[in-house]
Amino acid sequence: MIYQGKQKIWSEYQKEIPADGWFYVRSCIRQSFFPASEKYFLAVCRDLLGKDIYESEHHTTCGGIAYHCDTIPQETAMTIVARQFALMKEAGYKNLVTSCITSFGNYTEILETWREFPELEARIRENLWKATRREFDKPEYVAHASDLVYKFRGEIAEKAVNRLVDVETGRPLRIVEHIGCHYSKMFPHKGIGGAEYPYVLSGMVESWGGEVIDYPERRHCCGFGFRQYLVKANRGYSVSNTHKKFESMEPYHPDAIITNCPGCPYFLDRWQYVISEQTGKTYGSGGYGIPVLTYEELAGLVLGYDPWDLGLQMHQVAVEPLLDKMGVKYDPDAKYLGLNKKDILKPGLPSVLKCC
Amino acid sequence: MNYFEELSKDYRFKEGFHTCINCGTCTAVCPAAEFYKYDPRKIVSIVQTKDNDAIEKLLKSETIWYCGECMSCVTRCPRKNGPGLVIMALRDLSIRLGFFTESEKGRQIYPLTKALNGNVLGYGYCVHPATFSYADHPESGPVFEWVLDHKEDVYGRLGANYRGKGPGVLRKIPQEDLDELKAIYDVTGGTDRLELVEKYSRAKAEQMGMSIEEYTQYTFSHCSPGHFNGEE
């Protein structure tokens, strides 16, 4: 009976994700800091799994960061999103997949608010018509890109070239997962596993052979805080929150961190560099940091893609300790080559954090 | 003006403000409260009193600007309040009334408004490498200094369509689409908001004896002591 009870509870946290037919919208942060993650998400879905995912060149930001920095009115943010929905309708799609957790939260918040206040939806329709002469249908389903990778994690595992296992010892790699606040803290029923048992990343890690670490501050914010990072004077908030997480996960010796939101991997990567410069402390072994990857990057490594094609050279924390544990083959001399293998020099080295 | 009535018109307030039982769960889980002199329980409690003078003090205070809008409080409130949503409504009203220039953290709305909306209307995205400067972001590390010095090469090597035509990573957004975004700003109050922030910020800069360029840099980078827990 108890088992059935748990099964029943768990079923409430599941999502029936449509298998195909998606209108894709990009992320301000992911394309700027992890450009190859977006490229490989589309490549895996389209070329490897044969899915129909369409991108219109006319789509834009959802305005989520400007909105959560309180710089635009709510109706402006809603009408920008309504325009994305109009582009989706014009392209003949009904399911929207977004590359960003802030966007996912924004789309979800807007649809839920319209459901509760239909007069507001009517006003946004009017706004959009006045501004652009466009009309929209609400999507039947809004997914975050990681929801699709989660859905297809088994297919990816079947095609795996590398697994999340230490090739020397056979030990499953210890992975910290960080799902990002706006994935399910605002609307828990919209995220796989909800806010209590988020499973979107854990499911990938388990399918690909790794072991998920549970640690006290697992659900704590990465520290982005919108204005708390974007304004230079406020970054103490941001690094302090990241520091709190790293102090909490350190005793569990993570081999890597996998992230959901496009901002979180940037902060969890870069603040390790800043903490090392400020305090001399590093969280990996041998003076390295803990590699922080997007779910697309981790999927790409599992599928055997070249780490430098996946953009892992754009990280400040060296990924080589993880590559070596997984047995991923790579050419160290090719890491920092530019377009057409052009020599574009190499980045400078941090004074504390060990890099390759 | 009756501030409570004004807040009650905001949909985020309608969603996020019900009856607060002052349990303090929001403060316990809040990443901002951990480091800043910030207590969302107290803020919701003050709003709940409907005391106009007390709410005006909030609208002019530092404290409403400490929240990171992570919405961790929304998950945990046993009464389905959203203190983070109440904060968004308070900030919106503070900006509309020009009260945001009364606090150091509130004045940061100016550089944020300029940078983010400049990106949205100029590049179609809130953040863009073309306007991301290493000097403003030394925490992005030597690796990103290298990326920014070799944008076309690094993004091109990774398959981006950097400032190119058609779809793809970091493509150039067609002018007709940027024009539509501007029209949306015009119709929905976004443009008015930008002008309002500009007007109040210029007046404050003059009052502080600064040019608008100096004010932008100062509000972006200066942090006075006293914001963090345990600081005098």
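Computed from the coordinates by the stated procedures, all read-outs in this text should not be read as laboratory data. Quantities reported herein were computed from a predicted structural model and do not represent experimental measurements. Neighbour counts run over all protein chains shown; Cβ positions are idealised from the backbone, glycine included.
Take the residues in segment B:126-144 that are closer than 18 Å to A:Ala318 by Cα and within 7 Å of chain A (Cβ to nearest Cβ), then tell me which one is surrounded by the fewest Cβ atoms within 10 Å (Cβ to Cβ).
Looking at residues that are closer than 18 Å to A:Ala318 by Cα and within 7 Å of chain A (Cβ to nearest Cβ), I get B:Pro142.
Anything in segment B:187-222 that is facing chain A (nearest Cβ under 7 Å), without any contact (Cβ under 8 Å) to a residue 24 or more places away in the chain and of a type outside the set (A, V, I, L, M)? List them, or say none. Can you show your working first?
Step one: list which residues in segment B:187-222 are facing chain A (nearest Cβ under 7 Å), which gives B:187-190, B:193, B:220-222.
Remaining after also requiring without any contact (Cβ under 8 Å) to a residue 24 or more places away in the chain: B:187-189, B:221.
Of everything in segment B:187-222, those that are facing chain A (nearest Cβ under 7 Å), without any contact (Cβ under 8 Å) to a residue 24 or more places away in the chain and of a type outside the set (A, V, I, L, M) turn out to be B:Thr188, B:Gly189, B:Ser221.
Quick one: which helices (runs of 4 or more DSSP H) lie wholly within segment A:213-298 and hold at least 1 residues that are farther than 26 Å from B:Asp136 by Cβ and out of contact with any Lys or Arg (no Cβ under 7 Å at 6 or more places or on another chain)? Let's see the steps before the verdict.
Values: elements: A:227-230, A:235-249, A:263-279.
Here the list reads A:235-249.
Out of the helices (runs of 4 or more DSSP H) lying entirely within segment B:35-145, which hold 1 or more residues that are aromatic (Phe, Trp, Tyr) and under 20 Å from the mean Cα position of the chain (by Cα)?
Values: elements: B:40-49, B:52-59, B:72-76, B:83-96, B:104-107, B:109-123.
Because the criterion is at least 1 residues that are aromatic (Phe, Trp, Tyr) and under 20 Å from the mean Cα position of the chain (by Cα), the helices (runs of 4 or more DSSP H) in segment B:35-145 that meet it are B:109-123.
Which count do you get for residues in segment A:136-186 that are within 14 Å of chain B (Cβ to nearest Cβ) and within 19 Å of A:Cys222 (Cβ to Cβ)? Talk me through it step by step, then tell me what you get.
Pass one, segment A:136-186, residues within 14 Å of chain B (Cβ to nearest Cβ): A:136, A:145, A:178-186.
From what's left, within 19 Å of A:Cys222 (Cβ to Cβ): A:145, A:178-186.
Of the residues in that region, 10 qualify.
Please tell me if A:Lys329 is more than 8 Å from every other protein chain (Cβ to nearest Cβ), assigned to a helix (DSSP H, G or I) and either touching a Phe, Trp or Tyr at 6+ places or on another chain (Cβ under 6 Å) or on the phi < 0 side of the Ramachandran plot (or both). Before the answer, list the steps.
Working: more than 8 Å from every other protein chain (Cβ to nearest Cβ): yes; assigned to a helix (DSSP H, G or I): no; either touching a Phe, Trp or Tyr at 6+ places or on another chain (Cβ under 6 Å) or on the phi < 0 side of the Ramachandran plot (or both): yes.
Criteria not met by A:Lys329.
Only one of these is surrounded by fewer than 18 Cβ atoms within 10 Å (Cβ to Cβ) and under 19 Å from A:Asp20 (Cβ atoms): A:Lys130, A:Lys138, A:Lys159. Name it.
From the options A:Lys130, A:Lys138, A:Lys159, the qualifying one is A:Lys159.
Only one of these conditions is not met by A:Arg219: (1) within 22 Å of A:Leu298 (Cα to Cα); (2) touching a residue at least 60 places away in the same chain (Cβ under 8 Å); (3) surrounded by fewer than 20 Cβ atoms within 10 Å (Cβ to Cβ). Which number is it?
(2)
Any residue at all in segment B:20-28 that's more than 13 Å from chain A (Cβ to nearest Cβ), farther than 22 Å from A:Glu116 by Cβ and within 19 Å of the chain's Cα centre (by Cα)?
Taking segment B:20-28 first, the residues more than 13 Å from chain A (Cβ to nearest Cβ) are B:20-25, B:27.
Remaining after also requiring farther than 22 Å from A:Glu116 by Cβ: B:21-25, B:27.
Okay, now just the ones that are also within 19 Å of the chain's Cα centre (by Cα), so none.
Within segment B:20-28 (the criterion being more than 13 Å from chain A (Cβ to nearest Cβ), farther than 22 Å from A:Glu116 by Cβ and within 19 Å of the chain's Cα centre (by Cα)), the answer is no, since none of the residues qualifies.
Going by the conditions given, is B:Leu170 crowded, with 21+ Cβ neighbours inside 10 Å, outside any helix (DSSP H, G or I) and touching a residue at least 24 places away in the same chain (Cβ under 8 Å)?
Values: crowded, with 21+ Cβ neighbours inside 10 Å: yes; outside any helix (DSSP H, G or I): yes; touching a residue at least 24 places away in the same chain (Cβ under 8 Å): yes.
Judged against the criteria, B:Leu170 is a match.
What's the total number of residues in segment A:129-148 that are more than 28 Å from A:Leu201 (Cβ to Cβ) and in a strand (DSSP E or B)?
First pass over segment A:129-148, keeping only residues more than 28 Å from A:Leu201 (Cβ to Cβ): A:129-137.
Keeping just the survivors that are in a strand (DSSP E or B) gives none.
Residues meeting the conditions: 0.
Taking A:Ser240, is it surrounded by fewer than 21 Cβ atoms within 10 Å (Cβ to Cβ), among the small types (Gly, Ala, Ser) and either on the phi < 0 side of the Ramachandran plot or in contact with a Phe, Trp or Tyr (Cβ under 7 Å, 6 or more places away or on another chain) (or both)? Write out each step before concluding.
Values: surrounded by fewer than 21 Cβ atoms within 10 Å (Cβ to Cβ): yes; among the small types (Gly, Ala, Ser): yes; either on the phi < 0 side of the Ramachandran plot or in contact with a Phe, Trp or Tyr (Cβ under 7 Å, 6 or more places away or on another chain) (or both): yes.
Taking the combined requirement at face value, the residue satisfies it.
Has segment A:268-287 got at least one residue that is under 22 Å from A:Leu164 (Cβ atoms), touching a residue at least 24 places away in the same chain (Cβ under 8 Å) and facing another protein chain (nearest Cβ under 9 Å)?
yes
Quick check on A:Arg123: is it farther than 23 Å from A:Tyr199 by Cβ and either touching a Gly at 6+ places or on another chain (Cβ under 9 Å) or touching a residue at least 40 places away in the same chain (Cβ under 8 Å) (or both)? Break it down into steps so the answer makes sense when it comes.
Numbers: farther than 23 Å from A:Tyr199 by Cβ: yes; either touching a Gly at 6+ places or on another chain (Cβ under 9 Å) or touching a residue at least 40 places away in the same chain (Cβ under 8 Å) (or both): yes.
Taking the combined requirement at face value, the residue satisfies it.
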